[in-house]
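S.K.: Shown below is the structure under consideration.
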Amino acid sequence: GAALGLGLARRPATPLTGPTPPAARFARRTDPAAACRGPSPRNARVAPARGAMASESSTAKAGDAFVYPDAPRDDTTFTLHGREIADPYRPLEDPDAPATKAWVKAQNVITDEYLGRFADKGKIRARFDVTYDYEKLGSPFRRGHDDGAFYYFRNSGLQNQNVLYRAGGDPLAADFESMRDSERALLDLNAEFPGGTTALSTFSFSEDGKLLGYGLSKDGSDWSTLYVRDVETGENLPDKVPWTKFTGISWTHDGKGFFYCRYPAPPGVDIDAGDAEESKGGGDESKGEEGAGAKKAGTEVEANKGQQVCYHRLGTAASEDVVVFEWPEDKDWRFGTEVTDDGAFLLISVYNGCDPVNRLFYAPLTDVAEGQVHGKIVKLIDNFDAQYEYLANTGRLFYFKTNKDAPRYRIISTTLPEAGAAAEDDADALAAWPITEFVAQTDDVLSYAVAAAEDFLVLCYLHDVCDHVYLMRLSDAAAGRREVPLPAPGTIASLSARRRDHFCFFKFTNFLSPGTVFKLDFGANDADGQPGVLSRWYKTEVREFDEDLFETTQRFTTSKDGTRVPYFVVAKRGGGGPRPCILYGYGGFNISIQPSFSSLRLAWLQNLGGALVVANIRGGGEYGEEWHKAGSLRQKQNVFDDFAAVAETLVKDGVTTPAQLCIQGGSNGGLLVLACALQRPELYGAGISQVPVTDMLRFHKFTIGHAWCTDYGNADESKEDFEAQMAYSPLHNVKAPTDTPLPALLITTADHDDRVVPLHSFKMLATLQAVAGKAPVQASRPLIARIEVNAGHGAGKPTSKVLDEYADIYAFAALSTGATWSDAGADDGGKTKA
């Protein structure tokens, strides 16, 4: 199925369960089943009692020094590798404790009072209502047979959730406008759930296109419930499958059911607890062991273990679903499923952590009756040495994208053993099974490949953080590849293609291009007589934005160890001189932070006169697996050094000054912000740390945190990991400043973040305020938090919440860097087309 957001139809790679960028709007969307995709620019205002207790704000400050509320604490300690570690704020790990709730309420009072000092915060929010109110359209895709309907995600502007539309007609005959009159909404969560906090987590159409399987998550939680909708009637079937997380939906081609992945229902938790907007469907399987009165899903912190691959047969209860595959010997393992294009095989990918590596098993699907997979599950790849991503197959001849002996990826082919052959049960034979290199590794990173138009591969390569698209034939690899021209350096934000269709669509964007959808018609020849004619299909228009007023430059600097590090600078033309600057980074989990557009940045760039800098530091995937590994585990310090090198260069080149420099990052990037602020406080004036990981000694004990050990290490199991983590763990490196204050810090989190649980933010904030907040030199630089309710890590966050959050973020950045508001650009009526 196509991925969420505004329409990526690309095959899943590693299920992303790591702490991904929550609201940066930079990370590209990848996996249809990914649990940690960053949210699209959306939002609403939230935290408990925000503004309601303004009369108490006077108690938050005495003179020029902030007076912070006392956090609940105790004398908890624990010992690791012979060293006793104090953990005094362990009580804050219980988000439901009355003392925790009272402390959260008091923190939001302080934050509201401080942000209210920026007199023009209301203008920021009003500006968002103008610049974000534009139509957003994803790449269209066909589902069903060759004459099937077309689908696309569209948002009219300020809708809380994108709407899935169905339309008739031939999109190759003209442009999007020719389809608009025939569209009808198939899945509109804004109408079905007006509160705005119910979001689409995954979806997939049956092979004949008659049924839509989809998952809904609530209040930002990773938990989702699966439903099935009749495409013609728009009505849901009775089927309801709760307690899924990090899953896709893989239909068998007979349309009688689908494979998916689930976890055991956590004890004492109800997936529908406190939900005033009950989703379609019924039954009591949504409740954990304690049933009614249980706490709400997404607020628990217990580790997610024991995932299972199941088959749901339509018309049966979820409790009757057959467990197709599980691995009791290691309950940390997670799974992904995919049915091959010809419907003949079930592929099961096995993951242990967030590294781009997986085992790959397959089972024949010649018959699926009563949910039983007939035939053995063959362990084609039974190790975690590399990643294998299915691209296409012709019978038993398969093509995979892999990083096996290729850190920048290549494509291989292999022919599966004959059905029933002895090799299927011979581990040694399978380990030595022959493969053929189909597309060799190049100097650039092969980001993804998609089969299209029967005989073509669409290849996307990453060169210095920007995408390049190529075409090649499956039947003639020796003929090489040819490049598809793109309008400028930038990013393929979404791509839809099927091997059975003679066309594909993709959406191009960059920092100054809101997005253009292109169509590639393989049924026509270009000027050189080659199949594949490229044309524009849809152009995005943004109100009051003139891209000619801004410029983007890519620059490079040298890190502490001599590594060349790229970064982008986006600012108004001709600004000159140092200016307020937001420096964004992530640096982890093989995630590449590529150019992308967000109209929310216009307030910062145009009205507040700031610059935006995006650093492509190690730990990401910008230059392949070697780049990723150079910023993970015991080399994590390289990430912070790279970020500091970019900051130092910005100051040296006169782009900004330390006092005007605000660093920003989310999730793993929130860890980056806090570690850098603590290590080099003199280099930054402020930091915005969104849903951060802060406790590097205990992160693996909560929800899906154990999957992050592949990037961070495990302090329990390794003394070397412990020593490396202790050196940078934000929670364990806070010291009272004497001469140089810490940067002003804003930490954001949410009560339903079950990816990076809020205890990370709570304990970090309490430690900062108790240790650093009382120092005289820190008096004028706040250490505060913005804590939302009914929100999670970021995915599916309503538009209204995103807009409110970013109004607060930019107000904090302005207060901290000296930026002032100008109405320039707000009323000129200009607009751009990309």
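S.K.: Please give the strands (runs of 3 or more DSSP E) falling wholly within the range 455-527 in which 2 or more residues are surrounded by fewer than 22 Cβ atoms within 10 Å (Cβ to Cβ) and at pLDDT below 95. Full working, then the answer.
M.R.: Numbers: elements: 456-463, 466-473, 482-484, 491-497, 503-510, 513-525.
The strands (runs of 3 or more DSSP E) meeting that bar are 513-525.
S.K.: Sticking with this structure for a sec: Which residue is farthest from the chain's Cα centre (by Cα), if the candidates are limited to the range 98-130 and must be small (G, A, S) and not in a helix (DSSP H, G or I)?
M.R.: Within the range 98-130, the first condition is being small (G, A, S), and the residues that meet it are 99, 102, 106, 116, 119, 122, 126.
Filter once more, so that each one left must be not in a helix (DSSP H, G or I): 116, 119.
Details: G116: 30, A119: 33 Å.
Per the stated criteria, the residue is A119.
S.K.: Consider the range 168-200. How many of its residues are more than 22 Å from Y227 (Cα to Cα) and among the hydrophobic types (A, V, I, L, M, F, W, C)? Walk me through how you get there before you give the answer.
M.R.: Let us first name the residues in the range 168-200 that are more than 22 Å from Y227 (Cα to Cα), namely 168-183.
Adding the requirement that they be among the hydrophobic types (A, V, I, L, M, F, W, C) leaves 172-174, 176, 179.
The total comes to 5.
S.K.: Do you know which residues across the range 74-99 are of a type outside the set (A, V, I, L, M) and crowded, with 17+ Cβ neighbours inside 10 Å? Write out each step before concluding.
M.R.: Step one: filter the range 74-99 for residues of a type outside the set (A, V, I, L, M), giving 74-79, 81-84, 87-91, 93-96, 98.
Across the range 74-99, the qualifying residues are D87, P88, Y89, R90, P91, E93, P95.
S.K.: Of the conditions (1) at negative phi; (2) modelled with pLDDT of 75 or more; (3) not β-branched (V, I, T), G255 clears all except one; give me its number.
M.R.: Here G255 meets the rest and fails (1).
S.K.: May I pose another question? Sort out which residues of the range 734-766 are surrounded by fewer than 24 Cβ atoms within 10 Å (Cβ to Cβ) and either of a type in the set (S, T, N, Q) or closer than 15 Å to G685 by Cα (or both), and write them in order of number.
M.R.: If the condition is that a residue be surrounded by fewer than 24 Cβ atoms within 10 Å (Cβ to Cβ) and either of a type in the set (S, T, N, Q) or closer than 15 Å to G685 by Cα (or both), then P737, T738, D739, T740, P741 are the ones that fit.
S.K.: Hey, any hits in the range 596-612 for a residue that's among the aromatic types (F, W, Y), out of contact with any Ser or Thr (no Cβ under 7 Å at 6 or more places or on another chain), open to solvent by 50 Å² or more (accessible area, probe 1.4 Å) and closer than 24 Å to S667 by Cα? Give the steps one after another, and end with the answer.
M.R.: Applying the first criterion (among the aromatic types (F, W, Y)) to the range 596-612 yields 597, 604.
Applying the additional criterion that residues be out of contact with any Ser or Thr (no Cβ under 7 Å at 6 or more places or on another chain) yields 604.
Checking the rest, the ones that are also open to solvent by 50 Å² or more (accessible area, probe 1.4 Å) come to none.
No: zero hits.
Condition check ((1) β-branched (V, I, T); (2) within 28 Å of the chain's Cα centre (by Cα); (3) assigned to a loop (DSSP other than H, G, I, E, B)) across all residues:
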{"site": "R154", "(1), (2), (3)": "no, yes, no"}
{"site": "Q159", "(1), (2), (3)": "no, yes, yes"}
{"site": "R166", "(1), (2), (3)": "no, yes, no"}
{"site": "L172", "(1), (2), (3)": "no, no, yes"}
{"site": "G196", "(1), (2), (3)": "no, yes, yes"}
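S.K.: Can you go through G169, G215 and tell me which one is among the small types (G, A, S) and open to solvent by 20 Å² or more (accessible area, probe 1.4 Å)? It would help to see each step written out before you state the result.
M.R.: On the way: G215 fails: open to solvent by 20 Å² or more (accessible area, probe 1.4 Å).
Going through G169, G215 in turn, the sole match is G169.
S.K.: What is the one condition in (1) open to solvent by less than 30 Å² (accessible area, probe 1.4 Å); (2) assigned to a strand (DSSP E or B) that E437 does not satisfy?
M.R.: Failed condition: (1).
S.K.: Test each condition in (1) surrounded by fewer than 17 Cβ atoms within 10 Å (Cβ to Cβ); (2) at pLDDT 70 or above; (3) touching a Pro at 6+ places or on another chain (Cβ under 8 Å) for L314 and report the one that comes out false.
M.R.: Of the numbered conditions (1) surrounded by fewer than 17 Cβ atoms within 10 Å (Cβ to Cβ); (2) at pLDDT 70 or above; (3) touching a Pro at 6+ places or on another chain (Cβ under 8 Å), the odd one out for L314 is (3).
S.K.: From the set of residues in the range 317-356 that are within 24 Å of the chain's Cα centre (by Cα), in a loop (DSSP other than H, G, I, E, B) and in contact (Cβ under 8 Å) with a residue 60 or more places away in the chain, which is farthest from S447 (Cα to Cα)?
M.R.: D332
S.K.: Looking only at the range 569-588, filter to residues that are open to solvent by less than 10 Å² (accessible area, probe 1.4 Å) and not aliphatic (A, V, I, L, M); which one of those is nearest to D120 (Cα to Cα)?
M.R.: Within the range 569-588, the match that is nearest to D120 (Cα to Cα) is C581.
S.K.: Moving on. Can you say whether T710 is within 23 Å of the chain's Cα centre (by Cα) and open to solvent by less than 10 Å² (accessible area, probe 1.4 Å), as far as the supplied structure shows?
M.R.: Numbers: within 23 Å of the chain's Cα centre (by Cα): yes; open to solvent by less than 10 Å² (accessible area, probe 1.4 Å): no.
Considered against the rule, which asks whether it is within 23 Å of the chain's Cα centre (by Cα) and open to solvent by less than 10 Å² (accessible area, probe 1.4 Å), T710 comes out as no.
S.K.: Confirm whether W627 is among the aromatic types (F, W, Y), in contact (Cβ under 8 Å) with a residue 60 or more places away in the chain and either farther than 23 Å from P407 by Cα or out of contact with any Phe, Trp or Tyr (no Cβ under 8 Å at 6 or more places or on another chain) (or both).
M.R.: Numbers: among the aromatic types (F, W, Y): yes; in contact (Cβ under 8 Å) with a residue 60 or more places away in the chain: no; either farther than 23 Å from P407 by Cα or out of contact with any Phe, Trp or Tyr (no Cβ under 8 Å at 6 or more places or on another chain) (or both): yes.
No.
The values are calculated or read from the model by the stated rules, or taken from the named source; none is laboratory data. Keep in mind that this is a model prediction, so the values were computed, not measured. Every residue, glycine among them, receives a Cβ derived from its backbone with ideal geometry; neighbour counts consider all protein chains shown. In case anyone asks, the SASA skips ligands and DNA or RNA and just uses the protein heavy atoms, side chains included. Shrake-Rupley method; radii C 1.70, N 1.55, O 1.52, S 1.80 Å.
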